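In what follows, a structure is listed as structure tokens, so that the remarks can point back to it.
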Amino acid sequence: MGVVPAGAAATAVPATTATAVPASTGRPYVLLSCATSIDGYIDDATGERLLLSNAEDMERIDAVRAGCDAILVGAGTIRADDPRLMVRSARLRAARQAAGLPPSPVKVTMTARGLLDPQARFFTVGDAEKVVYCAGPAVDKTTELLSGLATVVDAGDPLDPARVLADLAGRGVQRLMVEGGASVHAQFLTAGLADELHLVVAPFFVGDRRAPRFVGDGAFPWHPGRRARLAEVRQIGDVVLMRYALSERCPDGVPG
Ligand SMILES: NC(=O)c1ccc[n+]([C@@H]2O[C@H](COP(=O)([O-])OP(=O)(O)OC[C@H]3O[C@@H](n4cnc5c(N)ncnc54)[C@H](OP(=O)(O)O)[C@@H]3O)[C@@H](O)[C@H]2O)c1
């Protein structure tokens, strides 16, 4: 794991501009994580958060988070789910600290409009560094809105996930977990910017087309003529985890 420079937590103004990291620098390893219903929905159509994983799987996700340098969700997920995005296990937090890392990974989001609630748990829970990648036109107002809570980075217009990854690499992030939602997952997948997918299927149907699916329409690099590599299948209580290797960087078998 890469170490994000200490002392950078909860920095605010001024906004910085995403650096153009040379291709030779590489991008972080990108692990996508998602839970769906049997019929492929990632939420229902109510305003309440839909619980898809079970307790045992939440522990697994906690361990995956603990193995990453940063966790990214879209602004839509912050608004819909108000996630904490922290490592919950005291043992795992302590292990990170013993390795010279912050207790929880850096929290990262992307926004075009900058309509983020400063009271969201993304910003208020835990002392992890928070980085907001913002499209150019909304940078000034977002920087003012999140003053003292997050580092706002001007990521251009339109905001490009590849540029976000390059900037994160420049900040020392070597391993990034992307936890959704649908729009963000689709962008990393269609852009070929994902190395690994953890897809958990919960044992029920949502059956409501108003609810969001894992991803919408798009030109995905994996299709009937180019199948993804299934690296692992694991039953976790009443859910099943499928781990897909989406690049040569992803190892087969059970991850360490
Ligand atoms: N089951 C699961 O594993 C899981 C995990 C996470 C989320 N979810 C569900 O997913 C749903 C949310 O998904 P979503 O697709 O609506 O939202 P999302 O992917 O979380 O976020 C979309 C928002 O992120 C910003 N954004 C994304 N890409 C951008 C880009 N290239 N440039 C600029 N801004 C960009 C925009 O924010 P602005 O609107 O601020 O400009 C956009 O509206 C919720 O129902 C949530 O419960 C499920």
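For segment 36-45, the criterion of being away from the ligand (no atom under 16 Å from the Cβ) and modelled with pLDDT of 85 or more is met by no residue.
For segment 130-145, the set of residues classified as more than 12 Å from the ligand (Cβ to nearest atom) and crowded, with 23+ Cβ neighbours inside 10 Å consists of Lys130, Val131, listed by residue number. Quick check: is even one residue across segment 170-181 in contact (Cβ under 8 Å) with a residue 40 or more places away in the chain, over 22 Å from Cys34 (Cβ atoms), more than 9 Å from the ligand (Cβ to nearest atom) and open to solvent by less than 10 Å² (accessible area, probe 1.4 Å)? Within segment 170-181, none of the residues are in contact (Cβ under 8 Å) with a residue 40 or more places away in the chain, over 22 Å from Cys34 (Cβ atoms), more than 9 Å from the ligand (Cβ to nearest atom) and open to solvent by less than 10 Å² (accessible area, probe 1.4 Å).
When the strands (runs of 3 or more DSSP E) confined to segment 113-210 are screened for residues that are more than 20 Å from Arg79 (Cβ to Cβ) and touching a strand residue (DSSP E or B) at 6+ places or on another chain (Cβ under 9 Å), those reaching at least 1 such residues are found at 151-154, 175-178, 196-201. As an exercise: evaluate Arg27 against (1) more than 11 Å from the ligand (Cβ to nearest atom); (2) touching a strand residue (DSSP E or B) at 6+ places or on another chain (Cβ under 8 Å); (3) over 21 Å from Ala202 (Cβ atoms) and give the number of the one condition it does not meet. Arg27 satisfies every listed condition except (2).
Number of residues in segment 216-256 that are aliphatic (A, V, I, L, M) and loosely packed, with under 14 Cβ neighbours inside 10 Å: the value is 4. Does Leu149 meet the test of being more than 27 Å from Phe214 (Cα to Cα), open to solvent by 10 Å² or more (accessible area, probe 1.4 Å) and touching a residue at least 12 places away in the same chain (Cβ under 8 Å)? The answer is yes for Leu149. Picking from residues in segment 51-105 that are open to solvent by 50 Å² or more (accessible area, probe 1.4 Å), within 13 Å of the ligand (Cβ to nearest atom) and aliphatic (A, V, I, L, M), the one that is nearest to Gly40 (Cα to Cα) is Leu51.
The values are calculated or read from the model by the stated rules, or taken from the named source; none is laboratory data. Keep in mind the model is a prediction, meaning the values are calculated, not measured. Cβ sites come from the backbone with ideal geometry, for glycine too, and all protein chains shown count toward neighbours. With ligands, DNA and RNA removed, areas are computed over all heavy atoms of the protein, side chains included. Shrake-Rupley method; radii C 1.70, N 1.55, O 1.52, S 1.80 Å.
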